[in-house]
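Trainee: I'd like to ask you about the structure that follows.
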Amino acid sequence: MTSHPPARLLIAGGRVVDPATRTIRDADVAIIGDKVAAIGPRLPRTPADQVFDAAGCLVTPGLIDPHVHLREPGNERAETIASGTAAAVAGGFTSVCCMPNTTPALDSDSMVRLVRARAAESGACRVFPVAAITKGRQGGELAELMLMARSGAVGFSDDGDCVAAAGMMARALAAIKATGKCLMQHCQDHSMTRTAVMHAGEVSVRLELGGWPRAAEEIIIERDVRLNRTVGCAYHVQHMSSAGSVDIVRAARAAGQPVTAEVTPHHLLLTCDLIESSGFDTRYKMNPPLREASDIAALKKGVADGTITVLGTDHAPHTAESKDVPFDTAAFGIIGLETAFALYAQALVHDGVIDFPHLIDMMTLQPARLCGLDACGLGALTEAGPADVTVIDPDMQWTISPADIVSQSRNTPFLGRAVKGRPVLTVVAGQIRHRRNR
């Protein structure tokens, strides 16, 4: 077999973002093979095989999404590992952490190995499985947590369902603490949401739709934080939606508890009244539901003051058939990988909540730390580190259209929305996985 020299890529003239210090400097990035060879001003353009002109662009560590649904195995009509990771690299993500609510659930070491093997075969980016906390995600018996951690699970969640019983949650916290991984909780008291399809408030009453109170989320977080006081497991609140939840997490972090939280683009930009004004458009049906402007203000404040440290899309693809039904029977959730950066920029940077370096930190280093990916150099852009790089044009203006959707599903309410800022180059392990003309 003939050996070939490693590929050389020079990303020239960009503004390199360091999420650890939240600083920006003018520099080139040279990549050889799957490693970053050098970072510095005016690096030589030879012997580069390819030169990417990044003038006016942010050059960042590869974006990481800690909360996606790839649907494989079991619901490949909605998404596959191949299509979901193609959507990811189109959105600038070089790593995604996939949730365990597949069929069957990712609740054994063999299932974790299966997803990793399929991702190695067909994935356009790195895929890290988040395994189930309980067998079948049913809440009755702990899954094989240590075995799954050893097989590559980067965290544990029953996402789509909450670990409802306090006794089970206490056992889960202790068992997951022993693995060194994080527990990601879907915070929903199901006894309060059995007939709920939207936020409980004036709009739900007017529309005569089942209301989902904020307390259904807040009660679970408050209970879990209390249970975790003597355990100290890394505890993460998924897709936080309520102002009260922000207050609980803020207090827990101030008390020194290892608690983190994430927020999605839709919970920062959309409110529940859109369900009425859109004529019951099921693309506005989320879990947890869209809430009110006061909740958005509280979530933004939580981002600004460091209460919320992680951004995650909760990319939830669904077939057209599961959304093209009456609102109360439609599936919950929307896709988000292709549009995440622009929407986060709109909600947080252009609205003056945080700056771009802070945003990049929340989309790279913080999710890497949450899932232990920083141990292998992900979430950072350093010499001799992994060549996972995203180049972003922060000034690119575009309108989200169906042509921009790479996912196998199309369930997003953001079609037609004018946005600013877009990834233009996605490099995974030194390989260009997505490139967009500027």
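Readers should treat all values here as calculations from the given coordinates under stated rules, not as data from a laboratory. As the structure is a computational prediction, the values presented were derived from the model and not from experiment. Here the Cβ positions follow ideal geometry from the backbone for every residue, glycine too, while neighbour counts run over all protein chains shown.
Trainee: Taking Cα atoms, how many degrees apart are the long axis of helix 81-90 and the longest axis of the chain, rounded to 10 and kept between 0 and 90?
Mentor: That helix lies at roughly 60 degrees to the long axis.
Trainee: Please give the length that would be gained between Glu121 and Trp398 if that part of the chain were fully extended, namely 0.36 nm times their separation in residues minus their C-alpha to C-alpha distance (nm, one decimal).
Mentor: Numbers: separation 277, 0.36 × 277 = 99.72 nm, distance 3.28 nm.
Roughly 96.4 nm would be gained on extension.
Trainee: From the phi of every residue in segment 274-283, what ³J(HN,Hα) in whole Hz does the Karplus formula 6.51 cos²θ - 1.76 cosθ + 1.60 yield, where θ is phi - 60° and glycine or proline is x?
Mentor: 5, 4, 6, 5, 8, x, 6, 5, 6, 5
Trainee: Where the centroid of each part is defined by its Cα atoms, how far is segment 43-102 from segment 281-297 in Å?
Mentor: 26
Trainee: When the Cα centres of segment 339-394 and segment 146-161 are compared, how far apart do they sit, in Å?
Mentor: 23
Trainee: Let me ask you something else. Which translational diffusion coefficient, to the nearest whole µm²/s, is obtained for the chain from the Stokes-Einstein equation, given a Kirkwood hydrodynamic radius over C-alpha pairs, 4 °C and 1.567 mPa s? Please list the in-between numbers first.
Mentor: Numbers: Rh = 21.8 Å.
Answer from the Stokes-Einstein relation: 59 µm²/s.
Trainee: Where both partners of a DSSP beta bridge lie in segment 62-376, what percent of those bridges are antiparallel, to the nearest 5?
Mentor: On the way: 1 of 25 bridges.
Restricted to segment 62-376, the bridges split so that about 5 percent are antiparallel.
Trainee: Sticking with this structure for a sec: Projecting each Cα onto the charge dipole of the chain (Lys/Arg +1, Asp/Glu -1 at the beta carbon, about the Cα centre), which of Ser409, Val428, Val205 comes out farthest on the positive side?
Mentor: Checking the options against the dipole of the chain, the answer is Val428.
Trainee: Given +1 on the Cβ of Lys and Arg, -1 on the Cβ of Asp and Glu, and no further charges, what dipole in debye does segment 62-376 carry about its Cα centre, rounded to the nearest 20? Mind showing how you got there, number by number?
Mentor: Details: 27 positive and 36 negative charges, 188 e Å.
The calculation lands at about 900 debye.
Trainee: Rounded to the nearest 0.05, what FRET efficiency is calculated for Asp49 and Thr382 with R0 set to 25 Å and r the Cβ-Cβ distance? Walk me through the numbers on the way to the answer.
Mentor: Values: r = 22 Å, r/R0 = 0.89.
The formula returns an efficiency of 0.65 here.
Trainee: Moving to a separate point now. Which order results if Val17, Val225 are arranged by neighbouring Cβ count within 10 Å, fewest first? All intermediate terms of the calculation are to be shown ahead of the outcome.
Mentor: Working: Val17 23, Val225 19.
Lowest count first: Val225, Val17.
Trainee: Continuing with this model, one more query. Binning every alpha carbon pair distance of segment 342-438 at 10 Å from zero, what are the percents per bin?
Mentor: Binned Cα distances yield the sequence 14, 38, 39, 10, 0.
Trainee: Given the C-alpha centroids of segment 207-249 and segment 109-134, what is the distance between them in whole angstrom?
Mentor: Using only Cα atoms, the two centres lie 28 Å from each other.
Trainee: Next question, about the same structure. From the phi of every residue in segment 390-404, what ³J(HN,Hα) in whole Hz does the Karplus formula 6.51 cos²θ - 1.76 cosθ + 1.60 yield, where θ is phi - 60° and glycine or proline is x?
Mentor: Running phi through 6.51 cos²θ - 1.76 cosθ + 1.60 with θ = phi - 60° gives 10, 10, 10, 8, x, 9, 5, 9, 7, 10, 5, 10, x, 5, 7 Hz.
Trainee: To continue, here is another question. Return the single residue from Glu262, Glu141, Glu218 with maximal mean-square fluctuation; model: Gaussian network over the chain, springs between Cα atoms under 10 Å.
Mentor: Glu141
Trainee: Given only helices, namely DSSP H runs of n ≥ 4 each adding -39500 (n - 2.57), what is the per-residue ellipticity at 222 nm of the chain, to the nearest 500 deg cm²/dmol?
Mentor: Values: 14 runs with 121 residues, N = 438.
That comes out to -7500 deg cm²/dmol.
Trainee: Suppose we keep just the alpha-carbon trace of segment 250-406; what are its Rg and Dmax in angstrom?
Mentor: 17.2, 53
Trainee: Ok, one more. Does segment 1-97 classify as rounded, prolate or oblate by the C-alpha gyration tensor (a ≥ b ≥ c root eigenvalues; a/c under 1.5 gives rounded; else a/b over b/c gives prolate, otherwise oblate)?
Mentor: Here segment 1-97 falls in the oblate category.
Trainee: I've got another one for you. With a 10 Å cut-off between alpha carbons and a GNM built on the chain, which of Ala403, Ala368, Ala178 moves the most?
Mentor: Among Ala403, Ala368, Ala178, the largest mean-square fluctuation in the Gaussian network model of the chain belongs to Ala403.
Trainee: What angle do you read, to the nearest 10 degrees and between 0 and 90, between the alpha-carbon axis of helix 215-228 and the longest principal axis of the chain?
Mentor: Approximately 70 degrees, to the nearest ten.
Trainee: In whole Å, what are the extents of segment 210-326 along the principal axes defined by its C-alpha atoms, from largest to smallest?
Mentor: 46, 25, 24
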